[in-house]
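The values are calculated or read from the model by the stated rules, or taken from the named source; none is laboratory data. Here the structure is a predicted model, which is why all the values come from computation and not from measurement. Heads up, the Cβs are rebuilt from the backbone with ideal geometry, glycines too, and the neighbour counts pull from every protein chain shown.
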């Protein structure tokens, strides 16, 4: 299996950047690695002009839009693309795939031990690169470890085929909780936990039908939002 590793889609999220740097120093056969947003990484900021992961498919001439076009073209040469991200929100480990994702990505999610899969239908790399899976890891997670991922990536390259996933739980991203929502409803006082269902009154107040599940709660990387809300796909 030929794999591309993307780090630094957001330039201040450390895990993917560290994985890419280690792969450059300690190459693995059939694995390539790229920093998605080198300028944001150098400045230790999320992005320079536009959020790179909201700049796909890259139809304009800003720096991030040009990088989006480059990354989409690069992805075409690989069987599997893993795009690494971090979140401050505890217990938030999961993956994102696009609407057009094939079963290979769900099998890959299971193989790397991340069975919670969120289907994204907004403009992000997953929407336009059907072989790309974005890996979201909490900063305090045991999986926020470079060596663990290097071993996992090498193991993937040695698989002739991926075991069929048996444990996947699929979700859809349905709502972004705003800072106004937080102030209006006192969300911080509710001690919400990632992937634990909202009470029905809170879901109703957000305009989301139950059961609904919060993620990225109070994430300092996206301090302009309070979090997100998912619905399970059944």
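Computed quantities for the displayed model
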read-out	value
In the range 42-71, the residues that are closer than 24 Å to residue 101 by Cβ and under 16 Å from the mean Cα position of the chain (by Cα)	51, 52, 53, 54, 55, 56, 68, 71
Filter pass, residue 135 being in contact with a strand residue (DSSP E or B) (Cβ under 8 Å, 6 or more places away or on another chain), crowded, with 21+ Cβ neighbours inside 10 Å and under 23 Å from residue 218 (Cα atoms)	yes
Selection count, the range 28-49, where residues are assigned to a loop (DSSP other than H, G, I, E, B), modelled with pLDDT of 95 or more and touching a helix residue (DSSP H, G or I) at 6+ places or on another chain (Cβ under 8 Å)	8
Extreme residue, farthest from residue 130 (Cα to Cα), among residues of the range 50-75 that are in contact with a helix residue (DSSP H, G or I) (Cβ under 6 Å, 6 or more places away or on another chain) and surrounded by fewer than 16 Cβ atoms within 10 Å (Cβ to Cβ)	50
Residues within the range 197-234 that are part of a helix (DSSP H, G or I) and either assigned by TED's automatic domain parsing to the domain that holds residue 52 or in contact with a helix residue (DSSP H, G or I) (Cβ under 7 Å, 6 or more places away or on another chain) (or both), tallied	3
Residues within the range 46-68 that are touching a residue at least 60 places away in the same chain (Cβ under 8 Å) and farther than 25 Å from residue 14 by Cβ, tallied	1
Complete set of residues in the range 161-194 that are assigned to a loop (DSSP other than H, G, I, E, B) and either in contact with a strand residue (DSSP E or B) (Cβ under 6 Å, 6 or more places away or on another chain) or in contact (Cβ under 8 Å) with a residue 40 or more places away in the chain (or both)	162, 163, 164, 165, 166, 167, 168, 192, 193, 194
Per-region count, the range 112-126, residues surrounded by 21 or more Cβ atoms within 10 Å (Cβ to Cβ) and modelled with pLDDT under 90	0
The range 82-111, subset more than 11 Å from the chain's Cα centre (by Cα) and part of a loop (DSSP other than H, G, I, E, B), residue surrounded by the fewest Cβ atoms within 10 Å (Cβ to Cβ)	102
Residue count, the range 1-27 (criterion: surrounded by fewer than 17 Cβ atoms within 10 Å (Cβ to Cβ) and part of a strand (DSSP E or B))	0
Odd one out for residue 39 among (1) surrounded by fewer than 18 Cβ atoms within 10 Å (Cβ to Cβ); (2) over 16 Å from the mean Cα position of the chain (by Cα); (3) under 21 Å from residue 137 (Cα atoms)	(3)
